[in-house]
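Here the structure comes first, spelled out in C-alpha cells, and everything after it is commentary.
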Amino acid sequence: MKTIKYIIMSVVMLFGFASCNDYLEVYEENVEPTDLYWSSKADVEATLSAGYWYLRNSVETYLIPWGELRAGCLFNRSGSPLQTYQIKSTTNITTWSPMYQIINSANLVLKNCDLARSNDATYTQEEMNSHKCEAYWLRALAYFYIVRNWRDAPLFTEPFETDEISYNVAKSSETEIIAQIKADLEEAIRLGAAKTSFNTTWETKGRATIWAIYALMTDVCMWNSDFEQAINYANLILNATASDAPRFMKTATHSSWFTIFNPGNSNESIFELQWSHEKYQGTAQQTNNLPILFDNTNDGRAYELSNQMLQDFNAEYRGIVLEYGEEAGDMAVRTMYGGYFVGSSAAAYTGARAGYVWKYCGGTSLSDKRTSTYYDPNFILYRVADIMLLKAEALLMRHMGTNNNDNSEAIDLVNDVRKRSNLEPRTFFEDIDFKTMMDYVIYERLMELVGEGKAWYDLLRVGRYKDPSGTINFVKDFLIENVTKYDQQARETWITSVLSDENAWYLPVYYKEVTVNPLLTQNPYYE
C-alpha cells in the first residue's frame, strides 16, 4: 500500500482517459507529465475522469466496508476487524490512499484548467467553470470520507506535480477540513456553472450536477450540526421545480421502486457511480462484483444482513401480509425484494432465515437474479429518499423535538418513504417524545438505505450530537444502543467499551504513513 507521496504522484497525468464524457469506455494508464499537457479542454476532462475512476474503484474495497460494517446491520461472512472493533494500523482498510488520489485529480484540474483554456480557443469560460464545479465536488466528497473515517488528516489544496513539493504535512483538524469542504461546495455554487443535467442519462447521474452539490452540502451540514443550513440545502432539491431535478418515486410497487437499482439512473437518483456491461475497460467489460458480494449462494459472497436486521425485515413483511393478505407479492416493495429475497411465491413465505441485499443481485423480475452478463449495478451515493430522511433528522434536531410543526413535518417525510413501501405510517401526536421520533428516522434510514454505505456514518453522526440541556445522551442512547443491537460479531460489552471512547470512533492512520511522515501523529486510541 502506497504512502501519500506515491499515491498522489500516480495521478499527476492520466493520458489513458480520452475525456470525461467517455470515462466509462477507457482505462487508467499513468504516465509522466510532459510540457504538452494542459493544451486543451480534453486534458482537463481526462483528469476529471481520473477522479471519478478512482472514486468508482474504491466502492467494493473501501466505501462499502467503511460505511457499513461498524454499524453491524451488514456483516462480512469472512470476518472483518471493522465489525469486531479490532482495527489495527497495519490493516489495509485503514489506508486513506483512494481519497487522496481523488483529491489530487481535483487539485490538478483546479490549478491547471485556466492554463488549458489559454491554450485552447474552443474551451469556453462556461465549460471551464463547469469543470471546476465538478472538481470542487470531488475534492469535497473525498475529504468528507476522510473526515468521517479519520477525523483529522493532512489537508492539500495544491496538486503534487513534482517532487519539489514537500509531502511531510501535519494533520489539519476536523474543523479546518469541514471548513474547506464547505468552502469548496459554496464556490461551486457561486460559480453558477454546475449543470442541472448532461447530454446523457448516465452523465447526469454519474457526474456532479448542482443536485449532487446540494446533496453533499446537506450531508456535510448534518455532520457539522448545521441543521438550518441542512434544511435549506435539502429544500433546494426537494422543492426544485426544474424539469430535470431529481424526483422522489412515490409509486408503491416493486417494479417502480426496484428501477432505482435495476437498471439504475432513475428519476430518484442524484449521484451514482456507473458501470455498464456494454462499455469496456481495456479489453474487459465494465462489470463489478456487487451481485456476487451480496448474493446468497455464490462462492464469492461476502455480505449478509445481521440477525436483527433480518428480524426487522421479517417483521415488516408480516405487517404487509396482515394488511394486504397472504398474496402480498408486489406489495412487499423494499421489504422482501429490497433487503432480502425468500422465493418467488409470497404465499409460501414462512420467514427468511438468512438475509442478503437483493437490490444488487436481483434481476428485473421478482424472482430472477442478475446473470453474469449484467453484473453492472451502479452504486448510489445520493438519492432523494436519503435527502428526505436527512431533512427529517434536521427538523427534529434544530429544536430538539420541542417544535410540533417541525416534528410533524419530520414524521410526514418518514411516512412518505414508508408509504411507497406499503408500510404502516408512523403515528404522530403532540406529546410524542424526542427519542421515539429520532428512532423512527434512524430505523427508516437503516432499512431503506441498507447496503448503500450509509449505516455507520448515520449512527456516528447522531452519536456526535449534543443536547444543550444534557437530557439526551446521544452516544449511549443512539450510537451504542443501535450498534450493540445490530452487530452480533462482537460482544456487547466490548462494543460498549470501545464506543465509549470518542477516539475509537475513527480509524487509525495507516502505519506506513506515520513511518514516512514525521509530522503525522497516530490517532490516540491506537497508540
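The values are calculated or read from the model by the stated rules, or taken from the named source; none is laboratory data. Note that the structure is predicted; figures quoted are calculated from it, not measured. Because the Cβ atoms are built from the backbone with ideal geometry, glycine has one as well, and the counts that use them run over all protein chains shown. Surface accessibility is based on the protein's heavy atoms, side chains included, excluding ligands, DNA and RNA. Shrake-Rupley method; radii C 1.70, N 1.55, O 1.52, S 1.80 Å.
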Which numbered condition Lys391 fails, given (1) modelled with pLDDT of 95 or more; (2) open to solvent by 10 Å² or more (accessible area, probe 1.4 Å); (3) more than 30 Å from Glu203 (Cα to Cα): (3)
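For (1) in contact with a helix residue (DSSP H, G or I) (Cβ under 9 Å, 6 or more places away or on another chain); (2) under 15 Å from Val44 (Cβ atoms); (3) surrounded by 24 or more Cβ atoms within 10 Å (Cβ to Cβ), each residue gets a yes or a no:
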residue: Gly72; (1), (2), (3): yes, no, yes
residue: Thr95; (1), (2), (3): yes, no, no
residue: Pro98; (1), (2), (3): yes, no, no
residue: Thr122; (1), (2), (3): yes, yes, no
residue: Ala135; (1), (2), (3): yes, yes, yes
residue: Arg139; (1), (2), (3): yes, yes, yes
residue: Tyr143; (1), (2), (3): yes, no, yes
residue: Thr157; (1), (2), (3): yes, no, no
residue: Ile177; (1), (2), (3): yes, no, no
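Might you let me know whether the range 214-229 holds any residue that is among the β-branched types (Val, Ile, Thr), more than 29 Å from Val333 (Cα to Cα) and either open to solvent by less than 40 Å² (accessible area, probe 1.4 Å) or over 20 Å from the mean Cα position of the chain (by Cα) (or both)? Walk me through how you get there before you give the answer.
Residues of the range 214-229 among the β-branched types (Val, Ile, Thr): 218, 220.
Narrowing further to those that are more than 29 Å from Val333 (Cα to Cα): 220.
From what's left, either open to solvent by less than 40 Å² (accessible area, probe 1.4 Å) or over 20 Å from the mean Cα position of the chain (by Cα) (or both): 220.
Yes.
Output yes when any residue across the range 171-184 is touching a residue at least 60 places away in the same chain (Cβ under 8 Å) and over 29 Å from Tyr37 (Cα atoms), and no when none is.
Yes, the conditions are met somewhere in the range 171-184.
Counting only residues that are polar (S, T, N, Q) and more than 13 Å from Leu48 (Cα to Cα), which one in the range 102-120 is surrounded by the fewest Cβ atoms within 10 Å (Cβ to Cβ)? Outline the logic, then answer.
Pass one, the range 102-120, residues polar (S, T, N, Q): 104-105, 107, 112, 118-119.
If we keep only those that are more than 13 Å from Leu48 (Cα to Cα) too, we end up with 118-119.
Working: Ser118: 11, Asn119: 15.
It comes out as Ser118.
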Restricting the range 239-274 to residues that are of a type in the set (A, V, I, L, M, F, W, C) and under 22 Å from Leu423 (Cα atoms), the residue that is modelled with the highest pLDDT: Phe248
Within the range 477-527, helices (runs of 4 or more DSSP H) holding 2 or more residues that are among the hydrophobic types (A, V, I, L, M, F, W, C) and open to solvent by less than 70 Å² (accessible area, probe 1.4 Å): 492-499
Enumeration of residues in the range 180-236 that are out of contact with any Cys (no Cβ under 6 Å at 6 or more places or on another chain) and among the small types (Gly, Ala, Ser): Ala183, Gly192, Ser197, Gly206, Ala208, Ala212, Ala215, Ser225, Ala234
Subset tally (residues that are under 20 Å from Ala332 (Cβ atoms), touching a Leu at 6+ places or on another chain (Cβ under 6 Å) and aromatic (Phe, Trp, Tyr)) for the range 352-381: 1
Residue in the range 438-460 that is open to solvent by 60 Å² or more (accessible area, probe 1.4 Å) and modelled with pLDDT of 95 or more present: no
Some residue of the range 276-285 being in contact (Cβ under 8 Å) with a residue 12 or more places away in the chain, farther than 16 Å from Thr364 by Cα and touching a Phe, Trp or Tyr at 6+ places or on another chain (Cβ under 7 Å): yes
The range 297-312: number of residues that are not in a loop (DSSP other than H, G, I, E, B) and not charged (D, E, K, R): 7
